[in-house]
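Notes to accompany the following structure.
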Amino acid sequence: MTAFNAWRVHAVEVDGKKKTEARFDSVTLEDLDSGATENNEVVIKAAWSDINYKDALAISGAGRIMRKFPCVAGIDVAGTVVSTNDSRFSEGQEVLVTGCNLGEAVDGGYAEYVKVAGEAVIALPEGISTREAMAIGTAGFTAALAVHRMQQNAQTPEMGPIAVTGPTGGVGGLAVNMLSKLGFEVHAITGKPDQDGYLKTLGAMEIVNRNELELAKRPLEKVKWGGVVDNLGGELLSSLIAETCDGGNVASIGLAASHSLETTVMPFILRGVNLLGINSVNVPLPVRMRVWERLATDLRPDQLDQMVAREVPLAELDKVMSEYVQGTVTGRTLVKI
Ligand SMILES: NC(=O)c1ccc[n+]([C@@H]2O[C@H](COP(=O)([O-])OP(=O)(O)OC[C@H]3O[C@@H](n4cnc5c(N)ncnc54)[C@H](OP(=O)(O)O)[C@@H]3O)[C@@H](O)[C@H]2O)c1
């Protein structure tokens, strides 16, 4: 196969300091590391990718995401299989990949062709296009995994409202949409209260201005929430844990505000609150398949079109990354390949 384009992140040294730098390189399949072993390699002609917070950190150099250099960025991709020696897949089949170390430890989705191990690949669920799969992407998969885990842990709408933080972002917005579709009352805690119309369209019942929110001061406060989907970490997460009801589930997904968490054991031992760690990268294949099955059926976001704020061509994706790093983005960005 001839050369094609890919966004690769390189390790560079500037004034004696180690940094990363993203470049739009011409590469060949031989340049790519798939992480595949014998008989499980799948080559995908990419149609769509998307932008997640982690991708922005990698491309902008604001965070160290890659564990090998150079590394093609992009943690998600959807497209068509062009060749494979993995008997589970066939040429011409539409597939998707999210997480699975793509764009971190193996070459990722911001390329015209992507080479991956079969274990990372999910056959495109019926009724979902490759474009819709990437409108969902890691953001939607992570939101769905959180909802799935909360429900497995007996979360019901009767327990009270679910607080969702970072709701104008990808994970938060998709969580709002899925939870409201399932009949939960969703309160969106946002730093962008002017986006109330958008958040209500997604299904939020109440919009809470994060900057005016009074944070819990004691280990246990008056119960406000049946459960929580948190993308921010830090003192807001501590506060929400102290306000969660008996047996409620708090899904910890992100660190957009802080990686720290100060809490006490009181909510856990006196209210039986469950803190659920959500990691979308290394999810066993049967769970990944189940979550995508749900994403195509009862968890299918019904406001995907409203959530897709824009499409950017592969060559220009670097132009929008700073908005993610600054937290000013609303909705999802698709990358057209
Ligand atoms: N655990 C996992 O496997 C997993 C998977 C995907 C993502 N994540 C993490 O989940 C978080 C959200 O990811 P995403 O892709 O949805 O990101 P995103 O689209 O960039 O959205 C993040 C949202 O968080 C809020 N925010 C951003 N910066 C902030 C800051 N400094 N302080 C307070 N709030 C801030 C903003 O929402 P408002 O203005 O509405 O408050 C923003 O829209 C990130 O931390 C990401 O790394 C984790």
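General remarks:
- Charge dipole (debye, nearest 20) of region 103-176; +1 at Cβ of Lys and Arg, -1 at Cβ of Asp and Glu: 140
- When the chain is described by a simple charge dipole with +1 on each Lys and Arg Cβ and -1 on each Asp and Glu Cβ, the residue from 272, 96, 172 located farthest towards its positive end is 272.
- Anisotropy class of the chain from Cα gyration tensor, a/c 1.5 cut: prolate
- If R0 equals 45 Å, the separation of the Cβ atoms of residue 205 and residue 262 corresponds to a calculated FRET efficiency of about 0.95.
- When both region 244-292 and region 114-135 are represented by their alpha-carbon centers, they are found 26 Å apart.
- In the structure shown, the pairs 68/192; 68/319; 192/319; 200/224 are assessed against 26 Å; a Cα-Cα span above that value is assigned to 68/192.
- Solvent-accessible surface (1.4 angstrom probe) belonging to residue 150, in square angstrom, nearest 10: 0
- Once the Cα-Cα distance is subtracted from the 0.36 nm per residue extended length, the residue 154 to residue 287 segment shows a gain of 46.1 nm.
- For residue 171, solvent-accessible area (1.4 Å; no DNA, RNA or ligand), Å²: 30
- Highest mean packing comes first when the peptides 189-197, 322-330 are listed by Cβ atoms within 10 Å, giving 189-197, 322-330.
- Looking at region 138-277 alone, DSSP beta bridges between its own residues are antiparallel in about 0 percent of cases.
- 20 Å Cα-Cα reach of residue 45 towards lysines, excluding residues that sit fewer than 8 places from it in its own chain: 115, 336
- In the full protein context, region 138-277 carries 40 Å² of accessible surface per residue, based on a 1.4 Å probe and ignoring ligands, DNA and RNA.
- Cα gyration tensor category, rounded, prolate or oblate, for region 123-176 with a/c compared to 1.5: oblate
- Cut-off under 5 Å, modelled amide H: who pairs with residue 47 long-range: 78, 79, 80
- The HN-Hα couplings worked out from phi for region 296-304 by the Karplus form 6.51 cos²θ - 1.76 cosθ + 1.60 (θ = phi - 60°) are 8, 10, 6, 9, 4, x, 9, 10, 4 Hz, whole numbers, x standing for Gly and Pro.
- Fraction of antiparallel bridges per DSSP, the chain only, in percent to nearest 5: 55
- Descending semi-axes in whole angstrom, ellipsoid equivalent of region 59-112, from the Cα gyration tensor: 25, 11, 9
- A Förster radius of 30 Å combined with the Cβ-Cβ distance from residue 3 to residue 325 puts the calculated FRET efficiency at roughly 0.50.
The values are calculated or read from the model by the stated rules, or taken from the named source; none is laboratory data. Only a predicted model underlies this, so the values are computations on that prediction, with no experimental measurement involved. Note that each Cβ is placed from the backbone with ideal geometry, even for glycine, and that neighbours are counted across all protein chains shown. Please note that ligands, DNA and RNA were not included when accessible areas were found on the heavy atoms of the full protein model with its side chains. Shrake-Rupley method; radii C 1.70, N 1.55, O 1.52, S 1.80 Å.
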